[in-house]
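Asks: Provided herewith is a single structure, encoded as structure tokens, for subsequent inquiry.
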Amino acid sequence: MRCSVVTVAGLLALAFVSTIAWAADPAARPVPAHDQSAIAGRGYFYIGGVYVGERGKQLMHGQMYVEVLTPRHPHSRYPLVLIHGAAQTATNWMGTPDGRPGWADYFVGQGYTVYMVDQPARGRSPWLPTVDGKLATFTAEQIESRFTAPQAFNLWPQAKLHSQWPGTGRIGDPVFDAFYATQVPYLADNAQTQRLNQQAVAALLDRIGPAIILTHSQSGPFGWLIANARPKLVKAVVAVEPAGPPFQNAVLSTDKARAWGVTDIPITYDPPVSDPTELKIEQQERPDGPDLVRCWQQQAPVRHLANLVNIPAVVITTEASYHAVYDHCTAKYLAQAGVKVTALRLGDHGIHGNAHMVMLEKNNLQVAGIIAEWLTLTIPTH
């Protein structure tokens, strides 16, 4: 018995000494964490998915991971569905690379139920190489020049205005490295990506009911496609720097893209369109202002995006992103096609210095506040 007591005491002493040593270790760093008291509940589930392959070798394809946060003090009638962009996952919304709260926590604090997804074939949503196709990735240098330190590369005129990334934005900086660690391979085929996400998020809305869709970057076309598929279940589309502009890329390439105007796959027009070549388009002779591209729009008579005309939308553009060159073209095209769209440039609202990964930058919650204000003015809360 005496031996047992001594052994326990010895172990306790050893644990105490080890704790002191750990606390004194200069290499020890706290794990980033922030207050989440506004969250009443958290859960996850998978939505969509079909079995593919011959009997005996069947696999599930197209299912999507969904994480849900419910507010302690609900104030919104409709939930928010947050959809990330290329190479990203739902971690975009959960926090920032330097440990600050993200948009998910902010909107839960505003009383919204928040759904965050990993796009099909991405992150926690399984990728089947023989079914889904090839993957693409961003190099660290692409991340630097496009997202975290564009002011050092000046690939577009507005890049010099960037000042909001937390850190240098360069390889080797701890915040940059933490962000680059979150980047994952994504489907190289835009059309396949849009089909999978339209199907999966439509299935999500069938389950949860009417919602607000918030997209970023690559997922921008998903918002229009989801609203097209479920017009009665989409109460608004918040498009943060959506993939664009219509019909042809700009800045980073000039390749043809989005043959259906704002999407790469069919979307409903009135009068109907069975092939995108039926859309007669023309390019502006002059841009709308300095350092802007010339927009492509429809020739008269204009066809309307029939299922989107009753759904309010906002296109949000930062001051220093490559999207500052062309997002106005996306908004103009939507408006011409009968969509009730607001073109909201953050610089015009006193929010300066942001680039494309705005939800992670130093003033990310200030930007979220602008979105919340637009939603409050646009959609009844109860």
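The values are calculated or read from the model by the stated rules, or taken from the named source; none is laboratory data. Model, not experiment: these values are computed from the prediction. Positions of Cβ are generated from backbone atoms using ideal geometry, with glycine treated the same way; all protein chains shown enter the neighbour counts.
Asks: Taking the condition in contact (Cβ under 8 Å) with a residue 12 or more places away in the chain, surrounded by fewer than 16 Cβ atoms within 10 Å (Cβ to Cβ) and either touching a Cys at 6+ places or on another chain (Cβ under 6 Å) or not aromatic (Phe, Trp, Tyr) (or both), does Pro312 pass? If you could, list the steps in order and put the result at the bottom.
Replies: Details: in contact (Cβ under 8 Å) with a residue 12 or more places away in the chain: yes; surrounded by fewer than 16 Cβ atoms within 10 Å (Cβ to Cβ): no; either touching a Cys at 6+ places or on another chain (Cβ under 6 Å) or not aromatic (Phe, Trp, Tyr) (or both): yes.
It is false that Pro312 is in contact (Cβ under 8 Å) with a residue 12 or more places away in the chain, surrounded by fewer than 16 Cβ atoms within 10 Å (Cβ to Cβ) and either touching a Cys at 6+ places or on another chain (Cβ under 6 Å) or not aromatic (Phe, Trp, Tyr) (or both).
Asks: Give me the pairs, please: first residue somewhere in the range 277-289 and closer than 23 Å to Gln158 by Cα, second residue anywhere and assigned to a strand (DSSP E or B) and at pLDDT 95 or above, beta-carbon distance under 6 Å, and either six or more positions apart or on two chains.
Replies: From residues that are closer than 23 Å to Gln158 by Cα, the pairs are Gln283/Trp296.
Asks: A further question follows. Would you tally the residues in the range 92-139 being buried (at least 16 other Cβ atoms within 10 Å of the Cβ) and part of a helix (DSSP H, G or I)?
Replies: Count: 11.
Asks: In this structure, does Val302 turn out to be within 13 Å of Val238 (Cβ to Cβ) and of a type outside the set (Asp, Glu)?
Replies: Working: within 13 Å of Val238 (Cβ to Cβ): no; of a type outside the set (Asp, Glu): yes.
No, not satisfied.
Asks: Looking at (1) small (Gly, Ala, Ser); (2) over 23 Å from Ala324 (Cβ atoms); (3) modelled with pLDDT of 95 or more; (4) in contact with a helix residue (DSSP H, G or I) (Cβ under 7 Å, 6 or more places away or on another chain), which one does Ala90 not meet, given that it meets all the others?
Replies: Result: Ala90 fails condition (4) only.
Asks: Quick one: what pairs do we get from the range 34-60, first residue within 22 Å of Ser125 (Cα to Cα), second at pLDDT 95 or above and charged (D, E, K, R), C-beta under 8 Å, 6+ apart or different chains?
Replies: Arg42/Glu67; Gly43/Glu67; Tyr44/Glu67; Ile47/Arg207
Asks: Right, something else. Go through the range 342-382 and give me each residue that's of a type in the set (D, E, K, R) and crowded, with 22+ Cβ neighbours inside 10 Å.
Replies: Glu361
Asks: Of the numbered conditions (1) more than 18 Å from Ala211 (Cα to Cα); (2) within 19 Å of the chain's Cα centre (by Cα); (3) of a type in the set (Asp, Glu), Glu54 fails exactly one; give the number of that condition.
Replies: Just one mismatch for Glu54, condition (2).
Asks: Here is a further query. Considering each residue of the range 338-382, count those that are without any contact (Cβ under 8 Å) to a residue 40 or more places away in the chain, over 24 Å from Val175 (Cα atoms) and not in a helix (DSSP H, G or I), and give that number.
Replies: Total satisfying the criteria: 9.
Asks: Say we look at the range 68-84 and pick out the residues that are surrounded by fewer than 23 Cβ atoms within 10 Å (Cβ to Cβ) and assigned to a strand (DSSP E or B); which of these is nearest to the chain's Cα centre (by Cα)?
Replies: Here the answer is Val68.
Asks: Collect the residues in the range 267-286 that are crowded, with 16+ Cβ neighbours inside 10 Å and either in a loop (DSSP other than H, G, I, E, B) or in contact with a Gly (Cβ under 6 Å, 6 or more places away or on another chain) (or both), keeping them in residue-number order.
Replies: The answer is Ile267, Thr268, Tyr269, Val273, Leu279.
Asks: Quick one: Arg294 ticks every box in (1) under 26 Å from Met116 (Cβ atoms); (2) assigned to a loop (DSSP other than H, G, I, E, B); (3) free of Cβ contacts under 8 Å to residues at least 12 places away in the same chain bar one, so which box is it?
Replies: If we test Arg294 against (1) under 26 Å from Met116 (Cβ atoms); (2) assigned to a loop (DSSP other than H, G, I, E, B); (3) free of Cβ contacts under 8 Å to residues at least 12 places away in the same chain, just (1) comes out false.
Asks: I'm trying to understand the selection: among the residues of the range 65-93, which are under 16 Å from Val184 (Cα atoms) and hydrophobic (A, V, I, L, M, F, W, C)?
Replies: If we filter the range 65-93 for residues that are under 16 Å from Val184 (Cα atoms), which is where we start, we get 65, 83-93.
Hits for the range 65-93 are Ile83, Ala86, Ala87, Ala90, Trp93.
Asks: Based on what the data block shows, is Gly172 closer than 20 Å to Ile47 by Cβ, among the small types (Gly, Ala, Ser), assigned to a loop (DSSP other than H, G, I, E, B) and modelled with pLDDT of 95 or more? I'd like the intermediate steps shown before the answer.
Replies: Numbers: closer than 20 Å to Ile47 by Cβ: no; among the small types (Gly, Ala, Ser): yes; assigned to a loop (DSSP other than H, G, I, E, B): yes; modelled with pLDDT of 95 or more: yes.
Answer is no for this residue.
Asks: Tell me which residues, restricted to the range 150-168, are small (Gly, Ala, Ser) and either without any contact (Cβ under 8 Å) to a residue 24 or more places away in the chain or touching a helix residue (DSSP H, G or I) at 6+ places or on another chain (Cβ under 6 Å) (or both). Give the derivation first.
Replies: Taking the range 150-168 first, the residues small (Gly, Ala, Ser) are 152, 159, 163, 167.
Answer for the range 150-168, where residues must be small (Gly, Ala, Ser) and either without any contact (Cβ under 8 Å) to a residue 24 or more places away in the chain or touching a helix residue (DSSP H, G or I) at 6+ places or on another chain (Cβ under 6 Å) (or both): Ala152, Ala159, Gly167.
Asks: If the requirement is being crowded, with 16+ Cβ neighbours inside 10 Å and either aromatic (Phe, Trp, Tyr) or over 30 Å from Val367 (Cα atoms) (or both), which of these qualifies: Ala259, Ala243, Ala239, Ala250?
Replies: Values: Ala243 fails: either aromatic (Phe, Trp, Tyr) or over 30 Å from Val367 (Cα atoms) (or both); Ala239 fails: either aromatic (Phe, Trp, Tyr) or over 30 Å from Val367 (Cα atoms) (or both); Ala250 fails: either aromatic (Phe, Trp, Tyr) or over 30 Å from Val367 (Cα atoms) (or both).
Just a single option satisfies the conditions, and that option is Ala259.
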